[in-house]
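Visitor: I have a structure I would like to understand better, so I am pasting it below and will then ask my questions one at a time.
The values are calculated or read from the model by the stated rules, or taken from the named source; none is laboratory data. Since the model is a prediction, treat every value here as computed from it, not as a measurement. Note: ideal-geometry Cβ built from the backbone for every residue, glycine included; neighbour counts use all protein chains shown.
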Amino acid sequence: MDQIILQILNGLDKGSAYALIALGLTLIFGTLGVVNFAHGALFMLGAFCAITFSRILSLSKVVVDETQKDFLGNPLKVDVPYIYDWFGESAGQVLINWSVPLAILFAIPVMIIIGVVMERGLIKHFYKRPHADQILVTFGLAIVLQEIIKYYFGANQIPNPAPEAFIGSFDFGAAIGLKAGTIIYPYWRIVYFCFAMLLIGSVFAFLQFTTFGMVVRAGMADRETVELLGINIDKRFTIMFGVAAAVAGLAGVMYTPINPPNYHMGMDFLVISFVVVVVGGMGSLPGAVAAGLLLGILESFASMRQVIEALPGINQVVIYLAAIVILLTRPRGLMGRKGVMEE
Amino acid sequence: MTKTKLTRRSVMQTGAVAGAGLAVPTILTAGSHSGFANAPTGSSVTLGFNVPQSGPYADEGADELRAYKLAVEHLNGEGDGGMLQTFSSKALDGTGILGKKVEYVTGDTQTKPDAARASARSMIEKDGAIMITGGSSSGVAVAVQALCQEAGIIFMAGLTHSNDTTGKDKKANGFRHFFNSYMTGAALAPVLADRYGSDRKAYHLTADYNWGYTTEEAVRNSTEALGWETVAAVKTPLSQTDFSSYVAPVLNSGADVLVLNHYGGNMVNSLTSAVEFGLRAAQANGKNFEIVVPLYSRLMAKGAGKNVAGIFGTTGWHWSLENTAGSRYAGTNAFVKSFGEKYGFPPSQAAHTCYCQTLLYADAVQRGGSFNPCSVVEALEGFEFDGMGNGPTLYRAEDHQCIKDVLVVRGKENPANDFDLLELVDVTPAEAVTFDPAIFGGELGSCNPGA
């Protein structure tokens, strides 16, 4: 029982990352009709926004400490962050300690700008081209972005810990009346899941309850009619591209304490996120979220030792098996709309 | 003025001759006039440094390349000489190799066997490299070693830890200075039994590829021989990034030790997950729960940050070794000084093994008096040396594996900087990690001079 609850928790957590990336992917597909293979790279760029922000907070002056020696026996050069001078040492330490949540404020404008520049500078030229061309150009863009990040940050992973208040684990078992110590779950992963749900809820609320969102939804349903009404739908769709980039970026920012990021992390998520979009139904936002969580849970169960022993290799193929079964029984995916990608 | 008359017959004859010429592999003809492939004829000799310059191990590759460049400088008599000052063999005198200035070409393995073979082939055929060295992966090392054997070129392996490189896939033209999985198990198990007791239950998470299998097998055999029990061993896909679903069940499995047979990004991520899930602070079977990482790389441990604190593993060499373990490890400080002054930070174990391999090759040529691969093989087989940072070392003739001390290290609780991540716990002497070369099978075959 405890193992099942643990794997459901794991799956929800893993699935929330898939759902966030897939949500942005399907948003871009639903509005602009573009299959964006650079979306994983946006997730990665978000993570590196967090790294950059942490480095900005840690910008330091070098102070020579004559009492200590470096590896060559010379007096040790100690880095003292400028932030200590500006806010005092204790306040500076608190800011550095909370750099991951604070990086959200930094990442939102940066990611929106990156998204808008990407759309206006490159992707808009491919709207009328076949999907294969869109895939090639966005995949190429993803590789370019990866290489730029690798050039500046190196190939190895860079640790970016969560605030100390969230380091450690929560005894979930004791909280729900099971034996203490049987279901331990890290605080930050709980934070990540709650954050993902909040972000997904905000995107839905934005689309559902604002005039802007209403116009975007109308444009997704019937672009020509909306344009005939004199609304500049292109401009709104460009903004939605920026919003999708920001959603992927924020997913990346909050993911850095879970797995230290490197330049390749976007590619690791990209393929699974596409499977999530297809399983959820092309262009369906609730479908993307539901499929993300479902596939996350399935992947977690397939990683259990007992399951692997019974079905060797199942942990590597379960997501694709599930995709095959769902597409055979529901060809448009879980919540796919008629007419999308069917012309 | 004469006019050449082209007939169908002459065209066919010319075509047949040209075709036959092209069909002869250039590898067999390149520089083979002195009885061996790529014999240097001018005043210089070219070495081929085949390292990952892109892909996941690019940072290790960059450090390897720094070390190679430093070794070339020292061989050519530039800089302070580094380990040439401490190396027990005094054949090298800073005038290159056999009086020829050392030059080099580089290739990018991309940590992919196919790409590594292609870049090695290009360096051999186009650039006339007399020796190929490098690599930061066992898959790459085994593939390039086989290519060098066919081409009649010496291969001096870089960072490769699988038993297979000098085990079932060993070749007469290939040599490894780095240690292997078996030696890790033999060095680590006694320290683990000493610190954690002999009544322990281990849970292994193992990367699902060649190196993972040999490491799991080595650690299992060594720890079980000392009384540990293996509760479970789960293979994890090499492409896995989030290990939470593999780590979460460990605490309730009856195990009280988690062994992470992972390297690189896998290691960073699985260790991060294990610490995140509270395993470091947990109790199981009435004991403190422990985590073990059999093969440590300082460059990669950096990615795991504070999570490495207190965690045991092995490493081939560490820049602080001579200061902490004494003059037996002479050469360490000389190398760290050369490297540190040139680049501003201490070298990694990958840099160390690559630097040593270059000097060892040059020394073997010098002592043998020829660049002929068979002369190099003869000079290196059974060669005993010292002063290269690992203490007295033997290049064993039977499998071309260096037999030397292995370091057991632990992640520091409070590292002073990015380089100061590991502390030395114990040095297991070479005698304790020596193994019978026959246990892994494979045949060395005979050296191939390539002509």
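Visitor: Return a yes/no flag: does region A:84-93 have any residue that is away from every other protein chain (no Cβ under 13 Å), among the hydrophobic types (A, V, I, L, M, F, W, C), on the phi < 0 side of the Ramachandran plot and under 27 Å from the mean Cα position of the chain (by Cα).
Guide: Narrowing region A:84-93 to residues away from every other protein chain (no Cβ under 13 Å): A:84-93.
The next check asks that each one be among the hydrophobic types (A, V, I, L, M, F, W, C); those that pass are A:86-87, A:91.
After this cut, where a residue has to be on the phi < 0 side of the Ramachandran plot as well, the list is A:86-87, A:91.
With the extra rule that they be under 27 Å from the mean Cα position of the chain (by Cα), the set shrinks to none.
No - not one qualifying residue is present in region A:84-93.
Visitor: So for region A:7-17 (the condition being more than 10 Å from every other protein chain (Cβ to nearest Cβ), more than 30 Å from A:Lys179 (Cα to Cα) and surrounded by 24 or more Cβ atoms within 10 Å (Cβ to Cβ)), does at least one residue qualify?
Guide: no
Visitor: For region B:361-451, which fully contained strands (runs of 3 or more DSSP E) count at least 1 residues that are surrounded by fewer than 21 Cβ atoms within 10 Å (Cβ to Cβ) and in contact with a helix residue (DSSP H, G or I) (Cβ under 6 Å, 6 or more places away or on another chain)?
Guide: Filter on region B:361-451 gives B:422-428.
Visitor: Given the criteria part of a strand (DSSP E or B) and either among the basic types (Lys, Arg) or farther than 24 Å from B:Lys69 by Cβ (or both), does B:Gly305 qualify?
Guide: The answer is no for B:Gly305.
Visitor: For B:Pro56, work out the one condition from (1) assigned to a loop (DSSP other than H, G, I, E, B); (2) modelled with pLDDT of 95 or more it doesn't fulfil.
Guide: (2)
Visitor: Related question: Tally up the residues in region B:317-345 that are outside any helix (DSSP H, G or I) and buried (at least 22 other Cβ atoms within 10 Å of the Cβ), please.
Guide: 4
Visitor: Within region A:177-189, track down each residue that is touching a residue at least 24 places away in the same chain (Cβ under 8 Å) and more than 8 Å from chain B (Cβ to nearest Cβ).
Guide: A:Leu178, A:Lys179, A:Ile183, A:Tyr187
Visitor: Test A:Ile167 against the criterion of being touching a helix residue (DSSP H, G or I) at 6+ places or on another chain (Cβ under 8 Å), within 14 Å of chain B (Cβ to nearest Cβ) and closer than 20 Å to B:Asn252 by Cα, and give yes or no.
Guide: Numbers: touching a helix residue (DSSP H, G or I) at 6+ places or on another chain (Cβ under 8 Å): yes; within 14 Å of chain B (Cβ to nearest Cβ): yes; closer than 20 Å to B:Asn252 by Cα: no.
When the stated conditions are applied, A:Ile167 does not pass them.
Visitor: Would you confirm whether any residue within region A:111-130 is within 14 Å of chain B (Cβ to nearest Cβ) and in contact (Cβ under 8 Å) with a residue 24 or more places away in the chain?
Guide: Here is the first cut: in region A:111-130, the ones within 14 Å of chain B (Cβ to nearest Cβ) are none.
No, there is no match, as no residue in region A:111-130 is within 14 Å of chain B (Cβ to nearest Cβ) and in contact (Cβ under 8 Å) with a residue 24 or more places away in the chain.
Visitor: Inspect all residues belonging to region B:181-196 and state whether any of them is part of a loop (DSSP other than H, G, I, E, B), more than 9 Å from every other protein chain (Cβ to nearest Cβ) and not basic (Lys, Arg).
Guide: So in region B:181-196, the residues part of a loop (DSSP other than H, G, I, E, B) come out as none.
No: region B:181-196 contains no residue that is part of a loop (DSSP other than H, G, I, E, B), more than 9 Å from every other protein chain (Cβ to nearest Cβ) and not basic (Lys, Arg).
Visitor: Identify, by number, the condition in (1) surrounded by 12 or more Cβ atoms within 10 Å (Cβ to Cβ); (2) within 30 Å of A:Gly333 (Cα to Cα) that A:Phe71 doesn't meet.
Guide: It is condition (2) that A:Phe71 fails.
Visitor: Sort out which residues of region B:60-79 are within 14 Å of chain A (Cβ to nearest Cβ) and farther than 14 Å from B:Tyr343 by Cα, and write them in order of number.
Guide: Within region B:60-79, B:Glu60, B:Gly61 meet the criteria.
Visitor: What are the residues in region B:297-316 that are within 14 Å of another protein chain (Cβ to nearest Cβ) and of a type outside the set (S, T, N, Q), if any?
Guide: Within region B:297-316, B:Arg298, B:Leu299, B:Met300, B:Ala301, B:Lys302, B:Gly303, B:Ala304, B:Gly305, B:Lys306, B:Val308, B:Ala309 meet the criteria.
Visitor: So, in region A:273-298, how many residues would count as being surrounded by fewer than 24 Cβ atoms within 10 Å (Cβ to Cβ) and within 13 Å of another protein chain (Cβ to nearest Cβ)?
Guide: Within region A:273-298, residues that are surrounded by fewer than 24 Cβ atoms within 10 Å (Cβ to Cβ) and within 13 Å of another protein chain (Cβ to nearest Cβ) number 2.
Visitor: A follow-up question, please. Only one of these conditions is not met by B:Thr95: (1) assigned to a loop (DSSP other than H, G, I, E, B); (2) without any contact (Cβ under 8 Å) to a residue 12 or more places away in the chain. Which number is it?
Guide: (2)
Visitor: Something else about it: Looking at region B:122-130, can you tell me whether even one residue there is in contact with a helix residue (DSSP H, G or I) (Cβ under 7 Å, 6 or more places away or on another chain), hydrophobic (A, V, I, L, M, F, W, C) and over 18 Å from B:Glu443 (Cα atoms)?
Guide: Checking region B:122-130: at least one residue is in contact with a helix residue (DSSP H, G or I) (Cβ under 7 Å, 6 or more places away or on another chain), hydrophobic (A, V, I, L, M, F, W, C) and over 18 Å from B:Glu443 (Cα atoms).
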